[in-house]
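S.K.: There's a structure below that I have some questions on.
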Amino acid sequence: MTSPIRRAAAFALVGSLSLTVPLAERIDEPAVATIAAVAPFLLVAGFALTVNKSSIWFALFARPGDRRDGKLYGLAAFALAGAGIAIIAVGFGMPASIYVGTILLVGFGNLAGQIVRQLAGERVLATGGFVLGGAVAAVIGQLLTVELIGQTIGWQTGTFLAVSGALIAALLREVLFKRDDALVMVTVSLLLWLFASLPVTISTTRITVALAITLILGYLSYALKTASLAGMLTGVLLGLLTIVFGDYGWFLMLIAFFGIGGLSSKFRYDEKIARGIAEQNEGARGSGNVLANSFAALIAVLIAPASGELGISESVVFFAFAGAVAAALADTLSSEIGGLYDNPRLITTLRTVEPGTDGAITWQGTVAGVTGASIIAVIGIISITELSLSGGLIILAAGFIGMTVDSILGATIEGRVVGNQGVNFLATLSAALAGAAIATLVGIPVQPL
């Protein structure tokens, strides 16, 4: 067994100490339960900071940075994160199954990823190994936990939490924290706690369809090079959440944006390179671009299951989601198509500017953008029960508003106050608010989720 695999296996075994939390929850005295939950990890952290760097234990757990520093800071951070989340689980109500599942997900997911990396030497396959191994470990951890504390959890919910947690962890490791497992564990556990608290029932059919479709989506997006690895993970995660918390019709609108938007970035790509307006990485969109265009829609997806408890109409949440997606596709097509034509005009002054200038528009790009918003509207009319032509027009209007706001912000504050991704988010947020506001005023109903 190579050194990275041995180290990953050792970290995974340390992660197994998380099973002390469900055992501690059986103790009636809160203070004693907390001590029992965190003590094993605190002992590991103390060991990591005091072990001699010439010992076999140091060689087993040391990462490259640890060898330079002479301390097992990586192991100490891992253990302290485990202890910190244990306090949240025992003292503040985080389900023990989520706690155990998250710790095992990161530990054994990293082990699986290292094994695949050694066998295949391919970063994408290694990430796939992390997601699969982490999800399986999380499911097993949840099952062990509910067995220890005598509770039950539906396999559908458990599988959803495990897979979504594994995708979130892989995405965080790819774009933000790299090898910082401590921050990954904290973030994933808190997000899964949020997901578990949402009032939604996940059927066998829905979770099966969600897993199958998102798997296919991820493969196609990477095979067609319409997204980077981080972009693929982001898209797959958003697709999974949309199917589970939203509806199939919502997902069809989202996948239309991903598919059409991704392919449009490759349309006449060589010409875009010559004009200086091409997306980097051969048009493959990264996680930042995907999230900037989808974050407003994601907020609507997460609000949807709790809309009743929040006193928000489900119709309003739907039109916020649809408006954001329509604006994202409208803006993408207007930029990717409009940038191919000469003599664009700045939207604020209508003076002619160079192609690719922030806030510049062409009539061809505007037509393409309206077409994109219309596609989302038509998909909504076809796939959402009780959504009338009037509802489709609201989606179209919201998409057009978002596209226009994007151009105005591009001409006024982009590059000075916010970057391109910030402008994209603000534009889709404005479209979501516009869709929700118009639907509220008009009173267009949509079938409840």
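The values are calculated or read from the model by the stated rules, or taken from the named source; none is laboratory data. Keep in mind it's a predicted model, so treat the numbers as computed, not measured. A quick note on method: Cβ atoms are made from the backbone with ideal geometry, for glycine too, and the neighbour counts reach across all protein chains shown.
S.K.: If you go through segment 195-219, how many residues are touching a residue at least 12 places away in the same chain (Cβ under 8 Å), among the aliphatic types (A, V, I, L, M) and not in a loop (DSSP other than H, G, I, E, B)?
M.R.: The total comes to 8.
S.K.: Still on this structure: List the number of the failed condition for residue 372; all other conditions in (1) in contact with a Ser or Thr (Cβ under 8 Å, 6 or more places away or on another chain); (2) farther than 13 Å from residue 257 by Cβ; (3) small (Gly, Ala, Ser) hold.
M.R.: So residue 372 meets the others, but not (2).
This table checks each residue for (1) in contact (Cβ under 8 Å) with a residue 12 or more places away in the chain; (2) in the same structural domain as residue 8 (by TED's automatic domain parsing); (3) over 14 Å from the mean Cα position of the chain (by Cα).
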position: 147; (1), (2), (3): no, yes, yes
position: 150; (1), (2), (3): no, yes, yes
position: 153; (1), (2), (3): yes, yes, yes
position: 156; (1), (2), (3): yes, yes, yes
position: 160; (1), (2), (3): yes, yes, no
position: 168; (1), (2), (3): yes, yes, no
position: 180; (1), (2), (3): yes, yes, yes
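S.K.: Test residue 58 against the stated conditions and say whether it is under 16 Å from residue 46 (Cβ atoms), in the same structural domain as residue 182 (by TED's automatic domain parsing) and touching a residue at least 40 places away in the same chain (Cβ under 8 Å). Explain how you work it out, then say what you get.
M.R.: Details: under 16 Å from residue 46 (Cβ atoms): yes; in the same structural domain as residue 182 (by TED's automatic domain parsing): yes; touching a residue at least 40 places away in the same chain (Cβ under 8 Å): no.
No.
S.K.: Is there a residue in segment 350-369 that is β-branched (Val, Ile, Thr), assigned to a helix (DSSP H, G or I) and either in the same structural domain as residue 327 (by TED's automatic domain parsing) or touching a residue at least 24 places away in the same chain (Cβ under 8 Å) (or both)?
M.R.: Yes, the conditions are met somewhere in segment 350-369.
S.K.: Can you list residue pairs whose Cβ atoms sit under 8 Å apart, with the first residue in segment 309-329 being in the same structural domain as residue 246 (by TED's automatic domain parsing) and closer than 17 Å to residue 366 by Cα and the second being in a helix (DSSP H, G or I) and among the charged types (D, E, K, R)? Count only pairs 6 or more apart in sequence or on different chains.
M.R.: Qualifying pairs under 8 Å: 327/406.
S.K.: Is segment 183-196 home to any residue that is buried (at least 23 other Cβ atoms within 10 Å of the Cβ), modelled with pLDDT of 85 or more and polar (S, T, N, Q)?
M.R.: yes
S.K.: Okay, moving on. Evaluate the following for residue 183: is it assigned to a helix (DSSP H, G or I) and either closer than 23 Å to residue 244 by Cβ or among the β-branched types (Val, Ile, Thr) (or both)?
M.R.: No.
S.K.: In contact with a helix residue (DSSP H, G or I) (Cβ under 9 Å, 6 or more places away or on another chain), in a helix (DSSP H, G or I) and crowded, with 24+ Cβ neighbours inside 10 Å: is that true of residue 106 in this structure?
M.R.: When the stated conditions are applied, residue 106 passes them.
S.K.: Looking at (1) farther than 22 Å from residue 312 by Cβ; (2) among the β-branched types (Val, Ile, Thr); (3) touching a Ser or Thr at 6+ places or on another chain (Cβ under 8 Å), can you tell me which one residue 401 breaks?
M.R.: (1)
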